[in-house]
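Please treat every number below as a calculation from the coordinates, not as lab data. None of these values were measured; they are calculated from a predicted model. Reconstructed Cβ throughout: ideal geometry from the backbone, glycine too, with neighbour counts over all protein chains shown.
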Amino acid sequence: MLTHMFGLMLQPRKQWELIGSLPENKLRRQIPYVVILALFPAVAWYFGTTQVGWSIGTGNPVKITGQSALELVAVFYFTMVLAVVSIGYFIHWMARTYGAETHPMKGIVVAGFTATPIFLAGIAGIYPVLWLDILLATVAVAYAVYLLYLGIPIVMGVSEERGFLFASAIITVSLVIAVMIMVGTVLFWSYVSAPVFH
């Protein structure tokens, strides 16, 4: 797991080539990568929101109760994993349109590895500072988009031109899923479990 994580951050082309050469049975073994990596931001944000807190202006730090944070972080974790699986399914579903040979696990693995910088940037939640978290999230999303455009042609075995169109379609799907998550968050906070501050 660490090899893939550091490889994608430091030598992404070489790492994608390695991932693309894995047979289906070995690709299936990569699924825990997403399950484990998604724990990093979840645990970091739990600690950050309950122990450190955040300040607006010069006021005292605002914190969330442990029980409330646990509920929110559990939903946050499952939402991250579900988003990756959903995007992975769409990668598999669209593959034939672009002339790629694939199977469902390949799409999920590509989506999971592409999300690596986003999961790593989530660790910043251990010390919630709004401007820093927004900056890191922006850089992480930009790098994830770069990884997707670089990885799709290599792993899915399509030309650069088809890979560009394929990756652009995946970006569109990802944006729709992101909007659905934002709407779901508002509804969840309004009707199910709003944060409890202390």
Computed [θ] at 222 nm, helices only, for the chain once each DSSP H run of length n ≥ 4 contributes -39500 (n - 2.57): -24000 deg cm²/dmol
Where a ≥ b ≥ c are root eigenvalues of the Cα gyration tensor, a/c under 1.5 meaning rounded, otherwise prolate if a/b exceeds b/c and oblate otherwise, the range 124-193 counts as oblate
Subtracting the Cα-Cα distance from 0.36 nm times the residue separation, let me have the gained length for Ile123 to Leu175 in nm, one decimal. 16.5 nm
Reachable lysines from Lys14, Cα under 27 Å, same-chain residues fewer than 8 places away excluded? Lys26, Lys106
Mind giving me the nanometre distance, one decimal, between the label points for Leu135 and Thr97, set 7 Å out from Cα along Cα→Cβ? 3.8 nm
For the Cα atoms of the chain, what angle does the longest principal axis make with the long axis of helix 160-191, in degrees from 0 to 90, nearest 10? 20 degrees
Helix 130-156: inclination vs the chain longest Cα principal axis, degrees, rounded to 10, gives 20 degrees
Find the relative contact order for the chain and round it to a whole percent, using C-alpha pairs within less than 8 Å whose residues are 6+ positions apart. 29 percent
Report the label-to-label distance for Arg28 and His198 in nanometres (one decimal), using points 7 Å from each Cα along the Cα→Cβ vector. 4.6 nm
Tell me the label-point distance for the pair Tyr89, Phe40, using the 7 Å Cα-to-Cβ offset, in nm and rounded to one decimal. 2.6 nm
